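Please read the structure below before turning to the comments.
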Amino acid sequence: MSFLYGIGVGIRNFLFNTGILKSKEFNIPVICVGNITVGGTGKTPHTEYLLSRLQNDFRVACLSRGYKRQTSGFQLATPHSNAEEIGDEPLQIKHKFPKVIVAVDENRVRGIEHLLALPERPEVIILDDAFQHRSVKAGKNIVLVDYNRPVFKDCLLPAGRLRETPKGLKRADYIIVSKCPPTLTPIEKRILFKHLKIKPYQQLFFTHQQYGPIRDINAQETPLHLDKNSYILCLTGIANPTPYIEHLKKFTPQIKELRYPDHHHFTSRDISEICTSFENIPYRDKYLFTTEKDLMRLKSWDLPENLKKKIFYIPVEPVFLNKQDVLLNELKDYVTKNK
């Protein structure tokens, strides 16, 4: 099946490469952040990193598909939007960056056209997870690769996690190897440079995943005094929760996991299971930890007040191990010249 999938992807890319299928270019800077694998590369934290650096200099819009939302077509995020309407990741971005225009549309061409028709049109659009949406020709393409799951050792779907072969990386302007150990050596960097077959027109960056301070359900920084006598119920619905759980083990070894599929929409049965699991923990010093993305979906439920007070999360952000200013300066220069 992976072989057949690969033939289909190869034909599609060939049609775009030869111009038989057309890519539309817009008269506005468009930066695409994507990957060639299914989930787990840290795409959302890197998108947020760019938004945080660009929003003070430009009017920025973020356009996403809104994966697993319950609506279709173009939706503009408002302060009152929920995960069912726009998806958990766009909702997370809107909450963190109120100044940013956040929208979702499965048709990226249509989505950009709607954004350009707004009374205050954006000066730059960041496309979240759109590297395979070749109907839009982005001015800059940023592709993320997970250090812990090298694309050159992976397989195409469904045998592996690749959406397309590593040859697709040649369409990228910038390649970021994410989730690297903070002690990545120059030799390891050179080995990755060779394996990823970086072209002369491309730049390679390395980032480490850094966890921020503990926050409560209202995103307020909350110092908790966790120790070996504390107990955590860890609720996750992301592609790869293992690093998050390993980080929580630094606070206490007593962790019970509740794992759901990526972008899982909680049902009343799930909520009942979560509440029961928490109540059955025979410890007074107990907490429910989830991820920031999962919290977006969890908050739409009418949870018991005693449980809300015990819900916390730890935000994640990327830290560049090399040439951080190079990427930001080049992107700002691109937007300034083309806005």
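Which angle from 0 to 90°, rounded to the nearest 10, does the C-alpha axis of helix 268-279 make with the longest principal axis of the chain? Approximately 50 degrees, to the nearest 10. You can think of it this way: the chain between residue 15 and residue 284 has 90.7 nm of extra reach, that is 0.36 nm per residue less the Cα-Cα gap. Fully extending the segment from residue 239 to residue 191, taken as 0.36 nm per residue of separation minus the present Cα-Cα distance, adds 14.6 nm. Extension gain, residue 56 to residue 71: 0.36 nm times the residue separation minus the Cα-Cα distance gives 2.3 nm. Consider a paramagnetic label point 7 Å from the Cα of residue 106 along Cα→Cβ; state which residues of the range 45-78 have an amide N under 12 Å from it. Under 12 Å, as judged by backbone N against the label point of residue 106, lie 65-74 of the range 45-78.
Highest-first packing order for the peptide set 167-177, 76-86, 90-100 is 167-177, 90-100, 76-86, based on the mean count of other beta carbon atoms within 10 Å. Can you work out the FRET efficiency for the pair residue 23 and residue 320, with r the C-beta to C-beta distance and R0 = 35 Å, to the nearest 0.05? So the FRET efficiency works out to roughly 0.75.
Here the sum of -39500 (n - 2.57) over DSSP H runs of 4 or more residues, divided by the residues of the chain, equals -9000 deg cm²/dmol at 222 nm, to the nearest 500.
Listed by chain and number, the aspartates and glutamates whose C-alpha is less than 20 Å from the C-alpha of residue 194, apart from same-chain residues fewer than 8 away, are 146, 154, 164, 173. Residue by residue, the range 334-339 carries 3J(HN,Hα) couplings of 4, 5, 4, 6, 10, 6 Hz when phi is fed to the Karplus relation 6.51 cos²θ - 1.76 cosθ + 1.60 (θ = phi - 60°); x denotes Gly or Pro. Extending 7 Å from Cα along the Cβ direction at residue 277 and again at residue 264 yields two label points whose distance is 0.7 nm. Remark: relative contact order (the range 276-339) = 34 percent; criterion is Cα-Cα distance under 8 angstrom and separation of 6 or more residues. The residues of the range 26-174 expose, per residue, 39 Å² of accessible area to a 1.4 Å probe. Taking Cα atoms only, the orientation of helix 43-54 departs from the longest principal axis of the chain by about 70 degrees.
The base-10 log of I(q)/I(0) for the range 220-266, evaluated at q = 0.29 Å⁻¹, reads -1.06 [Debye formula, identical scatterers on Cα atoms, solvent excluded].
Pairs exceeding 25 Å between alpha-carbon atoms, taken from 22/68; 99/309; 68/199; 293/332; 24/337; 68/310: 22/68; 99/309; 68/199; 293/332; 68/310. Across the range 118-130, rounded Karplus estimates of 3J(HN,Hα) from the backbone phi angles (6.51 cos²θ - 1.76 cosθ + 1.60, θ = phi - 60°) give 5, x, 10, 5, x, 9, 8, 10, 9, 8, 8, 6, 10 Hz, Gly and Pro being marked x. For the range 85-102, backbone phi angles converted through the Karplus equation (6.51, -1.76, 1.60; θ = phi - 60°) give residue-by-residue couplings of 7, 10, x, 6, 5, x, 5, 4, 5, 5, 5, 7, 10, x, 6, 6, 7, 10 Hz, Gly and Pro being listed as x.
Protection proxy ranking, highest mean first, for peptides 259-267, 1-9, 290-298: 290-298, 259-267, 1-9, where packing is the per-residue count of other beta-carbon atoms within 10 Å, averaged. Across all directions, the average projected area of the convex hull around the alpha carbons of the range 66-110 is 2.8 nm².
Take the Cβ atoms of residue 4 and residue 225, set R0 to 56 Å, and the FRET efficiency comes out at 0.55.
The values are calculated or read from the model by the stated rules, or taken from the named source; none is laboratory data. Predicted model only: the values in this text are computed from it and were never measured. Quick reminder, even Gly has a Cβ in these numbers, built from the backbone with ideal geometry, and neighbours come from all protein chains shown. For accessibility, only protein heavy atoms count, side chains too; no ligands or nucleic acids. Shrake-Rupley method; radii C 1.70, N 1.55, O 1.52, S 1.80 Å.
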